[in-house]
Amino acid sequence: MKISSSHFPNMQLPKMELGQTSPTSQTPIRVADIESVKVSLSDFSASQDALLEADKTLTRFAVFQGHNSGLLMPESEKTDRMQAQLDRIPGREAKSLVDSGLLDSEEFLDFAESLSDEELTNFAQAAAALETPPKLNNFFFASPAKQKTEAFMRSLSEMDAGVRREVLSKASELSQGVPLREPSPTYSARGVLAEGSAQANDIHNFVKTVNQLGGDSDKQAALLQGLGHYQADQQSGLLTIAAGGADMGLRLMDSLQVFSKDAQDATIDYLKGVSDKKSPFELTVTKATDPENWSGAVLGYDNHSSNVVEGMISDIVSISENYRFTDEQWQDMMEELGGLDATDQRAYIAITKGGLDTLLDGSPGKPEDVNQNAQLMDNLDRLRNSSIVRDVVFKSAVGEERVSDGQSYYAHKESSDSKRDQEAMVEFLVTDAWLNREDEARTLVIASKLEALGAEQRDEQVDTINGLVTEREPLAQSSDVQLQDDYEKVLQRSDVLRHSNDIPALNALEQTLDASLKDKFWATAPIMEGEVDEFVQTLSAIEGPQQAMILEYLDTLKAEAEEQGLADEVLRDTALDFLNDISRGLRGSINPDKDRP
C-alpha cells in the first residue's frame, strides 16, 4: 500500500504497491515532528476517505497527533481503544498522552481504562510535565521521560484506588506552570544545549520519590500527609531531599514537625543546598606518589558524591529523630553548618551525632532531651566548633598521608573501616571532654597531638583507649563517681597523651615493657605531667629489672600519697626528684625510703 506523500509533505512512509497488505501493519509509524506535517487529523481523514472511496483495497490508517510528535498506524480494535482514551480528556492533555510514547502500549491502555476521566487528565498533565527536563544540581538533565512516566504508571497501578487518586491530584498540582518541552532543543552560539526548566523540578522530584515507594500505599499516603504539613516553598525543598531517598524524606518530614517554621526553613534550606550540590558522577581524585603505585586522594575529594551527601542527610535526620532540641538550638545548628565548607560540615555532623549517641544514646522510640544536663551542649559545642577537632575527626576516616609536588594525598580506607575509625575518634574525644569538663582546653590539646600522628598510630591509640571500657552507659546520665571508677584507665592514658610531645616514643616504650609492668606504667606516668617525655626517655634507656624497680617504687609512692591525702603537687615534686636522681646516673645510691613523702 502507498499513500501519496502529497498529503504529508515531510513525512516518509513505507513504499508499497496499491492493494498490498502492509508488512508492518502492527508497527506504529512515529513522526518525530508532527508540526512539520502541516496537516490536521481532519484534513488527513478527509483525504484518506477520498482515496478509500476510489480504491477499496487501500488500508485505513489512524493518526494520533501530539504537541511534538505523532503516531500513524493501521486502524484496529487497538486504535479504537487508544482513541477512546483520548476522547475522554481535553485536547491539550490528549496531545500530551500521544507525546508520552505510551498510548499504543497495551499496559497503558489497561491502566487508562481503570482511571476516571479526572485521573486520566491528571496523569496526562504529569506526563507532559515530565517531558520537560528539570534543572537539577546545576546540570541539564535530558532525562528519559518515557521511562520515568512508565515507571510512574506502574507505581500507580499497584496502589490502592484512593491513594492513587490523591497521588495523581498532587502530580497534577505540581505540573501546573511547567512549560512544554521544546520540540527541537538547539545549541546556543557558545555551543551550550538549551537548559532544562527549574519549574519542572518539583514534578520530577515528586515522581522520582513516588517511584521509589512503588506500590506501598501506606508510604504513598504518608508522603502526601507529610507534604501536607508544610507550605508550598517548603514542599519544594523537601521533594528535592526525598528524591535522593524516599524513606529518608518521609522520616525528615515527620521529625521536623515539632519545630517552628523558622527552624524548619533553616533545615530544609541547608539540606536542599547539600542535595543541590550532589554530583551525578562518581568522583575520584587520585595520584600515585611512589614507584610502587601507592595512590591516595586529596581530602574532601568526595564531598559531593551521592554516598557522602546521602549519608550527611541521613545523619541529620537521625539526630532530629533521636534527640529533642529547642527551636533556637536546632536553627542555630543548621545555620552554623551552612557557614562551613563541605569537609567541615561532614566532621561537624559526625561529632554531633556520635557525641550525642555517646552522651545520651537516644532513639526514635525514646528521644532524649539535650537540655537534661546544662553542660551537655556547651561541652559538645566546644568540640564541634573547634577546627582542630573537626580536622582530626575528618582525617580519622582516611589513611596515611603522603606528599607529592607539595600536595597531600591520603590513602583510602574501606568504607566500613573509615566509618568505624571516625566513630571511634568521636567517642574518644567526646568521652575525654565530658570526663574533664572543667578543663576546657584539655581535649583540644589532645586532638592536636593525635592529628600530628600518622593514621595507623592514631587509630591504634584511640582503639586501645576505647577498648579499656567494656560496659558503656550514656555518659551524661551517669554519676561522676561512677564515671571516675569506670574510666580510670582511660583517664590515665589520656592524661599522658595530654602532656606528651613524643607519642611515638611513648608507644615504642609500651611495646618493650613487660606485660606485668604496663598497667603500673600507665598508672604512674600521669604523675609526671609535663615531664612525662623525660620519664619515657629514662625508662627507655634502662633494662627491664631497673624499669620494674622504678615503676614499683612510683606505684608505692602514689598509693602512700593517696593514703595520706597529700596534694598532687607534693606527689609530683617527690616523683620528679626521684626521676632527676635517676637521670643523673645515681641509680646505685638511691634510697627509696629517703625519697618518700
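The values are calculated or read from the model by the stated rules, or taken from the named source; none is laboratory data. The structure displayed is predicted, hence computed values, not measured ones. Don't worry about glycine lacking a Cβ; one is built from the backbone with ideal geometry, like all the others, and counts go over all protein chains shown. These area figures cover heavy atoms from the full protein model, side chains too; ligands, DNA and RNA do not enter into them. Shrake-Rupley method; radii C 1.70, N 1.55, O 1.52, S 1.80 Å.
Once amide H atoms are built 1.01 Å from N in the peptide plane, which residues 5 or more positions from Ser363, or in another chain, come under 5 Å H to H?
For Ser363, the qualifying residues are Glu368.
Express the carbon and sulfur contribution to the solvent-accessible surface of region 516-588 as a percent, rounded to the nearest whole number, probe 1.4 angstrom.
With neighbouring chains kept in place, the figure for region 516-588 is 44 percent.
Show me 351-364, 331-344 ranked by packing, highest mean number of other Cβ atoms within 10 Å first.
351-364, 331-344
How many percent of the accessible area of region 437-489 is carbon or sulfur, using a 1.4 Å probe?
Percent of accessible area from carbon and sulfur atoms in region 437-489: 44.
With each label point set 7 Å from Cα along the Cα-Cβ vector, what nm distance links Gln511 and Glu560?
Computed distance between label sites Gln511 and Glu560 equals 3.6 nm.
Just to be sure I understand: if I project the alpha-carbon convex hull of region 516-588 onto a plane and average over all orientations, what area do I get in nm²?
It is 4.7 nm².
Say R0 is 60 Å: what FRET efficiency, to the nearest 0.05, do Ser157 and Ser418 get from their beta-carbon distance?
The computed FRET efficiency comes out at 0.90.
State in Å² the accessible area per residue of region 516-588; use a 1.4 Å probe, count heavy atoms of protein chains only, and round to the nearest integer.
49 Å²
List the pair-distance distribution P(r) of region 451-597, using every Cα-Cα distance, as the percent of pairs falling in each 10 Å bin from 0 up to the bin containing the longest distance, rounded to whole percents.
Percent of Cα pairs in each bin: 10, 39, 34, 15, 2, 0.
How far apart, in nm, are the 7 Å Cα→Cβ label points at Ser404 and Ser448?
Once both label points are built, they end up 3.2 nm from each other.
Given a 1.4 Å probe and every protein chain left where it sits, what share in percent of the accessible area of region 363-428 is carbon and sulfur?
Its accessible area is 43 percent carbon and sulfur atoms.
Give, in nm to one decimal, the length gained when the segment between Glu335 and Asp439 is fully stretched (0.36 nm per residue of separation minus the Cα-Cα distance).
This chain segment gains 34.7 nm when fully extended.
Before anything else, pin down the relative contact order of region 516-588: Cα pairs under 8 Å, at least 6 apart, normalised by residue count, whole percent.
40 percent
If you put +1 on each Lys and Arg Cβ and -1 on each Asp and Glu Cβ, how big is the dipole of region 370-468 around its Cα centre, in Debye rounded to 20?
I would put it at about 200 debye.
Holding the Cα-Cα limit at 25 Å, pick out from Lys135/Lys261; Lys413/Lys449; Lys135/Lys170; Lys518/Lys558; Lys95/Lys278 the pairs that are longer than that.
Lys135/Lys261; Lys95/Lys278
Can you compute the charge dipole magnitude of region 516-588 about its Cα centre, using +1 on each Lys and Arg Cβ and -1 on each Asp and Glu Cβ, nothing else charged? Give it in debye, rounded to the nearest 20.
320 debye
So how do 122-129, 566-573 stack up, highest first, on mean other-Cβ count within 10 Å?
Ranked from most to least packed, the peptides come out as 122-129, 566-573.
Kirkwood Rh, region 310-392, all Cα pairs: how many Å?
When all Cα pairs of region 310-392 are included, the Kirkwood radius is 12.9 Å.
Between Asp568 and Glu488, what is the label-to-label distance in nm when each label sits 7 Å out along the Cα-to-Cβ direction?
Each label point lies 7 Å from its Cα, and together they span 1.7 nm.
Along the Cα-to-C-beta direction of Lys366, a point sits 7 Å from the Cα; which residues of region 308-332 have their amide N less than 20 Å from that point?
Only 318-325 pass the distance filter.
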